[in-house]
Amino acid sequence: MSGDALQSEPAIALADELNIAPLGVGAWAWGTTRLWGYGKEYDRSDVGRVFRASMAEGVTLVDTAEMYANGASERIIGEILREGSFEGTPVIATKFAPLPYRFSARSLLSAVDKSLERLGIETIDLYQIHFPSAILKINALMDALAETVKAGKVRRVGVSNYGADQMQRAHERLAYRSPYSDSKRLRRQGRARRDEWSRASSDGSRVRSWTELRRTHNSTI
């Protein structure tokens, strides 16, 4: 899809004030040497060019995670943001990893601070739970997400790789956290199954898929 064609596409209302193009940039490979060849097949200057070219074409969503290259992806994005010289306003999304050694959902509160520090920003546009946890309860994780919004550290929250039932439970918990439910309407990410798309439509949430350009079928956001 050309830049002109992409910019003519209607913006996706990821949240009330986060209107983005129907395509985003995934930063999993930024800083990851073993899996993606960073530092061998491409380097920091290449990543900067990709970032700026994407912004110039109206692709403003940049999705990263604390797990990507052990935080290097976030640090690289932070460096590029400080360098500037790009068009538009980036929409930064990152993720909290509920790893087995994190025994409390409140570990998310220190994790978001570290992500903010690596990114060099005051507020994360979209903060997500990276994947379901067998240890941490959904309600406790949603409560922690709500705290990040209340503290002004996060604008919108979401979940990644959750199934339909898990997403519904997360959505209900956030709605329960009144008066902040309007400011934290759940955003979902992942390879969506039909029932997940259906529920997202019914409760006003948004589903976005990942690695679509590496796959053979199309997906609608």
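None of the figures in this text is laboratory data; all of them are computed from the coordinates on show. Note that the coordinates shown come from a computational prediction; the quantities given were computed from them, not determined experimentally. Positions of Cβ are generated from backbone atoms using ideal geometry, with glycine treated the same way; all protein chains shown enter the neighbour counts.
Each of I135, I20 has some number of other Cβ atoms within 10 Å of its Cβ, and from fewest to most they run I135, I20.
Annotation: extensible slack from Y42 through A140 equals 31.3 nm (criterion: 0.36 nm per residue apart, minus Cα-Cα distance).
Rounded to the nearest 20 debye, the dipole magnitude of the stretch 70-160 is 360 debye, with +1 charges on Lys and Arg beta carbons, -1 on Asp and Glu beta carbons, and the Cα centre as origin.
Spin-label model, Q166/R52: points 7 Å from Cα along the beta carbon direction are separated by 3.9 nm.
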